[in-house]
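The structure under discussion appears below in the form of structure tokens.
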Amino acid sequence: MEPKRIREGYLVKRGSVFNTWKPMWVVLLEDGIEFYKKKSDNSPKGMIPLKGSTLTSPCQDFGKRMFVFKITTTKQQDHFFQAAFLEERDAWVRDIKKAIKCIEGGQKFARKSTRRSIRLPETVDLGALYLSMKDMEKGIKELNLEKDKKIFNHCFTGNCVIDWLVSNKSVRNRQEGLMIASSLLGEGYLQPAGELSKNAADGTAENPFLDNADAFYYFPDSGFFCEENSSDDDVILKEEFRGVIIKQGCLLKQGHRRKNWKVRKFILREDPAYLHYYDPAGGEDPLGAIHLRGCVVTSVESNPDVRKSEEENLFEIITADEVHYFLQAATPKERTEWIKAIQVASRTGK
């Protein structure tokens, strides 16, 4: 019998020879991980055995590259993968750890259908804490802050972070809050904005995180930007990033000129409604943006520019300016989720 497929999807993998980062179709099996250049490929580009392997997450070996985890095999070979966002990385890590544990115990991988009993964690779960901090109602409020004639958008102060941790009873006192906030900063869940907080994070202060009203921070993918003597065009361009992120992940996108398909990381924002797409292997600036206000999005059953074997789960976005974008999801469920989310954004976002 073939090994059971536990999870599959797009991840960015670091090459073992040239050390370049490239998107791959990754399949987690009960006994190993296969990775393919394309989802439609019949044979994998490589395979990582899980027996005796260890997993490290989060992995901060690559500076600003976020949501990375590392698998080290029994032969001491390191394999690095990067997810598109926090929840995706944690889902992969959770399943890989369980698969390794099942191999060690001689058990079959099975997802539990019963709820776990409520118990306090042995250590602080930074990932869960980060999600609580980003909660729209009960989390830390993102503000437009001014300092040295600069406007910092989607930011908050260091003392606001500590205030929230204490009031939320995540820590017992401000000193403990400072330790937790420093860990969040070190793992990339918080980013410094402005010279004061950046200098502290670089090691010029006693603590990397500052419990200070003049130290600014922001969440990754929050739409943060800093205005300083911006032209009107710059302000209009940056307006795209002020919307709240409602969905993100990797999809295949068809190019307009060569009609070739490439994996892109998509971030969907509403109010204003924009779908930005990025090179998943790196780069903070988007490759392009789709303004969704008044757009039409529908599933597509066939496309003359797609081979028969690759025309599953296609959908099309037609903008108000009648520009056509063809995208491909990994599964029918994922296609439906993207279509519904885009439809909501196109109706509600300006």
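The values are calculated or read from the model by the stated rules, or taken from the named source; none is laboratory data. Quick caveat: nothing in here was measured; it's all calculated off a predicted structure. In this analysis, Cβ positions are derived from the backbone assuming ideal geometry, glycine residues included, and neighbour counts consider all displayed protein chains. The area values use the complete protein model at the heavy-atom level, side chains included, leaving out ligands, DNA and RNA. Shrake-Rupley method; radii C 1.70, N 1.55, O 1.52, S 1.80 Å.
Once Kirkwood radius over Cα pairs in Å is calculated for the structure shown, the corresponding label among (1) 20.5; (2) 19.7; (3) 22.3 turns out to be (3). For the stretch 73-81, the Karplus equation 6.51 cos²θ - 1.76 cosθ + 1.60, evaluated at θ = phi - 60°, returns couplings of 7, 5, 8, 6, 9, 9, 10, 10, 10 Hz by residue, with Gly and Pro reported as x.
Note on the stretch 5-105: with charges restricted to the Cβ of Lys and Arg (+1) and Asp and Glu (-1), its dipole about the Cα centre is near 260 debye. Under a model in which nothing but the beta-carbon of Lys, Arg (+1) and Asp, Glu (-1) is charged, the chain shows a dipole of about 1640 debye around its Cα centre. Between R258 and E30, the contour length at 0.36 nm per residue exceeds the alpha carbon distance by 78.2 nm. Projected label points at T348 and L131, each 7 Å from Cα along the beta carbon direction, are separated by 2.0 nanometres.
Taking every lysine pair in the stretch 241-348 that is 8 or more places apart or spans two chains, those with Cα atoms closer than 17 Å amount to 7.
Only helical DSSP H runs with n ≥ 4 go in: add -39500 (n - 2.57) per run for the chain, normalise by residue count and round the 222 nm mean residue ellipticity to 500 deg cm²/dmol.
Using -39500 (n - 2.57) per qualifying helix, the result is -7000 deg cm²/dmol.
Look at the alpha carbon pairs under 8 Å that are at least 6 residues apart: their mean separation over the length of the chain gives a relative contact order of 10 percent.
Which order, highest average first, do 336-348, 263-275 follow once you tally other Cβ atoms within 10 Å for each residue and take the mean per peptide? Intermediate results must be reported in sequence, preceding the final value.
Details: 336-348: 17.5, 263-275: 21.6.
Top of the packing list down: 263-275, 336-348.
Each of L131, A213, G188 was scored by the projection of its Cα onto the charge dipole of the stretch 128-217, and the greatest displacement toward the positive side belongs to L131; charges sit on the C-beta of Lys, Arg, Asp and Glu. When only Cα pairs below 8 angstrom with a gap of at least 6 residues are kept, the stretch 5-105 shows a relative contact order of 24 percent.
Need the list of lysines near K70 for cross-linking: C-alpha distance under 20 angstrom, and skip anything on the same chain fewer than eight residues off. Within the straight-line limit of under 20 Å, K70 reaches these lysines: K13, K22, K37, K45, K51, K97, K98, K101.
Lysine pairs in the stretch 131-197 whose alpha-carbon atoms fall under 22 angstrom of each other, counting only those eight or more residues apart or on distinct chains, come to 5. Surface composition of the chain: carbon plus sulfur atoms hold 48% of the accessible area, using a 1.4 angstrom probe and ignoring ligands, DNA and RNA. Accessible area per residue for the chain, computed on protein heavy atoms with a 1.4 Å probe, is 57 Å². The relative contact order of the stretch 128-226 comes to 31 percent, based on Cα pairs under 8 Å that sit 6 or more residues apart.
In sequence order, the stretch 21-29 has phi-based couplings of 9, 9, x, 9, 8, 10, 10, 8, 9 Hz under the Karplus curve 6.51 cos²θ - 1.76 cosθ + 1.60, θ = phi - 60°, and Gly or Pro positions carry x. When the stretch 5-105 is described by a simple charge dipole with +1 on each Lys and Arg Cβ and -1 on each Asp and Glu Cβ, the residue from G15, T74, S43 located farthest towards its positive end is G15.
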